[in-house]
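The values are calculated or read from the model by the stated rules, or taken from the named source; none is laboratory data. Note that the structure is predicted; figures quoted are calculated from it, not measured. Using ideal geometry, Cβ is built from the backbone for each residue, glycine included, and neighbour counts are taken over all protein chains shown. Protein only, heavy atoms only, side chains kept; ligands, DNA and RNA dropped before computing areas. Shrake-Rupley method; radii C 1.70, N 1.55, O 1.52, S 1.80 Å.
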Amino acid sequence: MIQNIFIFGANGNVGRTLVRQIYEKGDTNPDKHKNPTRIVGLGSISDYILCPHGLSPEVAIAYSKTASGESRYALSDVLNFARSRFQQLTFVDVTAARELMRDFHLEVMDNSEFGIVTSNKNPLTMMTTDEFRRVVAKTGRYGYRCSVMAGANAINELIDFRDLGDSVRGIEGCFSGTLGYICTGLQQERSFSEIVREARKLGYTEPHPREDLSGKDVAKKILLLARTAGLDLSMENLTITPFIPLDYLGIENTEQFLEALEQLDISFLKKIKKAKARGNVLRYVARLGFQGDKPVVEIGPRNIPATSPLGTLTGTLNKIVIATDTYTPEKPCIIEAPGAGLEVTAQNVRRDLLNQLQARTISF
Ligand SMILES: NC(=O)c1ccc[n+]([C@@H]2O[C@H](COP(=O)([O-])OP(=O)(O)OC[C@H]3O[C@@H](n4cnc5c(N)ncnc54)[C@H](OP(=O)(O)O)[C@@H]3O)[C@@H](O)[C@H]2O)c1
């Protein structure tokens, strides 16, 4: 069988890398794969191309390098066309679209036999818990490992724990490469505003760094992890303390925002020195615990022991510490991996695509 795929966001950073990897790594090669991949369509925000017999590598790679503009088509048109032409198809969502993609994911899962693989965390975080459960329960048809830690094993480990009947007792993690980078810089007693400027220059932050400093992105990730562990939670149930005071997050203009951050340099330095004197370090931590049976999720800056699993984390790396009945808090399951990165993310999208197949490589 051939695995037909259609990639939305094909001309974005992850999408472009994915298209290249698919050809370069031989996913389309029938001598290598029992079920080779066939790219039948690519979509940007403005348009899409679709060829039921498969796009040639030259056309696909050229398309993935084009710029997009205003939205000029409806996702439902693509789905309707696909319904008329394909028995099997997996849509890959490497966009950052929100409501539009949430509705599309639901439509595909509820009203077709097609699959989805996504690195976009917005659709699943915007669904109700019931919708989330309905979608991810379509075993083998919905892959979302790349929505957290660039596809490291966090989501899939939690799915396995659930299926193995090993109840999750707590999750703790640092899920922002940007905030990890900032915390490492602060630990070296560098000035806060300077580190943020540097992180932005290096492309580690969103175009407006307040997106990272608000903690909302981290909140979306712990929500997906908690829901994957089987908990009935939504964004409103989470307590989020931003990395910086709320007032600053309201500054629209990026340059004015970066200038205003200088006012926080001294207080950050004092906090860091105080923490150090106690053997602690500052980290931006997402934590899921329980009060009785009630799950409690808190996201915010914390002083934690420098020698703890999260305290030893440096730079842009992410880490998750999971305690279950079997992996006790004293001997938890720990996963450390890059939280972003185009090659890693594209490879893990391909891993999710492989997981939708019955059989994989032909021989070793
Ligand atoms: N970068 C990473 O290392 C990484 C790691 C893990 C997960 N992710 C996630 O992966 C997704 C893609 O990341 P990225 O870095 O590649 O972002 P990006 O460079 O901004 O790419 C997203 C692409 O999707 C396109 N797009 C937006 N809405 C669309 C729609 N409705 N239909 C089709 N295309 C649409 C965008 O077009 P326009 O440019 O015209 O808006 C853009 O080309 C995001 O959700 C991100 O959070 C990224």
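Determine how many Å³ per residue the convex hull of the Cα atoms of the range 168-251 encloses. Don't skip to the answer; put the middle values down first.
On the way: hull volume 9.3 nm³, N = 84.
Value for the range 168-251: 110 Å³ per residue.
Leaving out ligands and nucleic acids, note down the accessible area per residue over the chain with a 1.4 angstrom probe, in whole Å².
Numbers: 17010 Å² over 364 residues.
With the other protein chains kept in place, the chain gives 47 Å² per residue.
Round to the nearest 10 and give me the degree value, 0 to 90, for the angle of helix 75-85's Cα axis relative to the longest principal axis of the chain.
For 75-85 against the chain, the angle is about 40 degrees.
Test of understanding: what is the full-extension gain from residue 265 to residue 111, defined as 0.36 nm times their sequence separation minus their Cα-Cα distance?
Values: separation 154, 0.36 × 154 = 55.44 nm, distance 5.29 nm.
Answer, rounded to one decimal: 50.1 nm.
Counting pairs of Cα atoms in the range 119-200, how many percent are more than 19 Å apart?
Details: 1805 of 3321 pairs.
Of the Cα pairs, 54 percent sit more than 19 Å apart.
Give me the percent of accessible area attributable to carbon and sulfur for the chain, probe 1.4 angstrom. Let's see the in-between values first.
Values: 8420 of 17010 Å².
After summing per-atom areas, the C and S share lands at 50 percent.
Report, in debye and to the nearest 20, how large the dipole of the chain comes out about its Cα centre when Lys and Arg carry +1 and Asp and Glu carry -1 on their Cβ. Don't skip to the answer; put the middle values down first.
On the way: 44 positive and 42 negative charges, 158 e Å.
Roughly 760 debye for the chain.
I'd like the orientation of helix 13-24 relative to the chain: the angle between its Cα long axis and the longest Cα principal axis, in ° from 0 to 90, rounded to 10.
50
With contacts defined as alpha carbon pairs under 8 Å and 6 or more residues apart, what's the relative contact order of the range 31-150 in percent?
Details: 134 pairs, mean separation 21.6, N = 120.
Reported as a whole number, the value is 18 percent.
Net charge around residue 175, counting only other residues with Cβ within less than 13 Å of its Cβ (Lys, Arg = +1; Asp, Glu = -1)? Before the final figure, lay out the partial values.
Values: positive: 121, 216, 220, 221, 283, 287, 319; negative: 172, 212, 217, 336.
Residues near residue 175 contribute +3 overall.
So between residue 308 and residue 239, what do we pick up on full extension, going 0.36 nm a residue minus the alpha carbon distance? Write down the numbers at each step before the final one.
Values: separation 69, 0.36 × 69 = 24.84 nm, distance 2.30 nm.
Taking 0.36 nm per residue and subtracting the Cα distance, the gain is 22.5 nm.
Given Cα pairs under 8 Å that are at least 6 residues apart, what percent is the relative contact order of the range 96-226?
Details: 120 pairs, mean separation 26.6, N = 131.
Computed over the range 96-226, the figure is 20 percent.
Rounded, prolate or oblate: which fits the range 198-311, taking a ≥ b ≥ c as square roots of the Cα gyration tensor eigenvalues, rounded meaning a/c under 1.5, else prolate when a/b beats b/c? Can you show the working numbers first?
Working: a/c = 2.19, a/b = 1.32, b/c = 1.66.
Oblate shape, in that a/c is at least 1.5 and b/c is the bigger or equal ratio.
Taking the chain as the reference, fit the longest principal axis to its C-alpha atoms, fit the long axis of helix 177-187 to the helix C-alpha atoms, and give the angle between the two in degrees, 0 to 90, nearest 10.
Tilt relative to the chain: about 20 degrees.
What pairs from 221/319; 121/216; 121/220; 65/220; 34/121 go past 19 Å between their alpha carbons? Show your work: numbers first, answer last.
Details: 221/319 12 Å; 121/216 12 Å; 121/220 7 Å; 65/220 29 Å; 34/121 30 Å.
The answer is 65/220; 34/121.
Take the chain, connect every pair of alpha-carbon atoms lying under 10 Å apart with a spring to form a Gaussian network, then pick out the residue of 58, 343, 131 with the largest mean-square fluctuation.
58
How would you classify the range 7-98 from its alpha-carbon gyration tensor, with a ≥ b ≥ c the square roots of the eigenvalues: rounded for a/c under 1.5, else prolate if a/b is greater than b/c, otherwise oblate? Mind showing how you got there, number by number?
Details: a/c = 1.97, a/b = 1.27, b/c = 1.56.
Oblate shape, in that a/c is at least 1.5 and b/c is the bigger or equal ratio.
Once you treat every alpha carbon in the range 1-61 as an equal point and sum by Debye, what is log10 I(q)/I(0) at q = 0.14, 0.18, 0.20 Å⁻¹?
Those come out to -0.35, -0.57, -0.70, one per q.
Please give me the summed charge of the neighbours of residue 15: other residues whose Cβ is under 11 Å from its Cβ, Lys and Arg +1, Asp and Glu -1.
Working: positive: 16, 20, 65; negative: 93.
Combined, the nearby Lys, Arg, Asp and Glu give +2.
Note down, for the chain, the three equivalent ellipsoid semi-axes (square root of 5 times each alpha carbon gyration tensor eigenvalue), biggest first, whole angstrom. Working shown, then result.
On the way: eigenvalues 269, 117, 70 Å².
So the equivalent ellipsoid measures 37, 24, 19 Å along its semi-axes.
Can you tell me the FRET efficiency between residue 32 and residue 59 if r is taken as the Cβ-Cβ distance and R0 is 25 Å, rounded to the nearest 0.05?
Working: r = 22 Å, r/R0 = 0.87.
The formula returns an efficiency of 0.70 here.
Which residue, 288, 264, 317, has the most motion in a Gaussian network model of the chain that connects Cα atoms within less than 10 Å?
Judging by the Gaussian network model, the answer is 264.
Using a Förster distance of 22 Å, how high is the FRET efficiency between residue 47 and residue 25, based on the Cβ-Cβ distance and rounded to 0.05? Before the final figure, lay out each step's value.
Working: r = 27 Å, r/R0 = 1.23.
That pair, residue 47 with residue 25, gives E of 0.25.
Considering the chain as a Gaussian network with a 10 Å cut-off on Cα pairs, which listed residue, 21, 188, 291, attains the greatest mean-square fluctuation?
291
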